[in-house]
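The values are calculated or read from the model by the stated rules, or taken from the named source; none is laboratory data. Worth saying up front: this structure is predicted, and the values here are computed from it rather than measured. For the accessible areas, the whole protein counts, side chains as well, though only heavy atoms, and no ligand, DNA or RNA atoms are used. Shrake-Rupley method; radii C 1.70, N 1.55, O 1.52, S 1.80 Å.
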Amino acid sequence: MTDTASYAELKNQITTRFKVLEMEEMITGEESKYLTGILISDVEFFENNSDTVALKNQVLISLKKMKTAELDTEDREAIAHWYFVLTQKKAINVEDDLNRWLYAL
């Protein structure tokens, strides 16, 4: 994962990671579909919008939706990284929000 990934690369990373988790039976197919759907939808939202307030609010809403997902630390870090990359593309600062979500601060 790189900090300069394109929107298409982010979508591919997301889809691939959750397919692998599902195949390894670390999450159910339903969980994979749910999490992938949230993240892909957000990538597309970032790709098609420039309103930084709306974009930041979308990140916060999605993080709240995924708060209870039973993922290991590495997978939660991947999610935080994808949102970091997205927000960097639009110069939005959500580092504190991502840390709170990731580490339950």
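Quick rundown of the values:
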{"item": "Between 0 and 90°, nearest 10: helix 52-66 axis offset from the chain longest Cα axis", "result": "20"}
{"item": "Cα convex hull of the chain, projected area averaged across orientations, nm²", "result": "5.9"}
{"item": "Over the stretch 45-105: Kirkwood hydrodynamic radius from C-alpha pairwise inverse distances, Å", "result": "11.8"}
{"item": "Angle between the chain longest axis and helix 7-23 axis [Cα atoms, degrees, rounded to 10]", "result": "20"}
{"item": "Whole-Å distance, taken between Cα centres, linking the stretch 62-105 and the stretch 27-55", "result": "12"}
{"item": "Whole-percent carbon and sulfur share, accessible surface of the chain, 1.4 Å", "result": "50"}
{"item": "Per principal axis, descending, Cα span of the stretch 17-62 in whole Å", "result": "38, 17, 12"}
{"item": "From phi via Karplus (6.51, -1.76, 1.60), per-residue ³J(HN,Hα) for the stretch 44-50 in Hz, x at Gly/Pro", "result": "5, 4, 5, 5, 10, 9, 10"}
{"item": "Average accessible area per residue (Å²) across the stretch 17-59 - probe 1.4 Å, nucleic acids and ligands excluded", "result": "61"}
{"item": "Computed [θ] at 222 nm, deg cm²/dmol, the chain (DSSP H ≥ 4; -39,500 (n - 2.57); rounded to nearest 500)", "result": "-24500 deg cm²/dmol"}
{"item": "Relative contact order, percent, the chain [alpha-carbon distance under 8 Å, six or more residues apart]", "result": "26"}
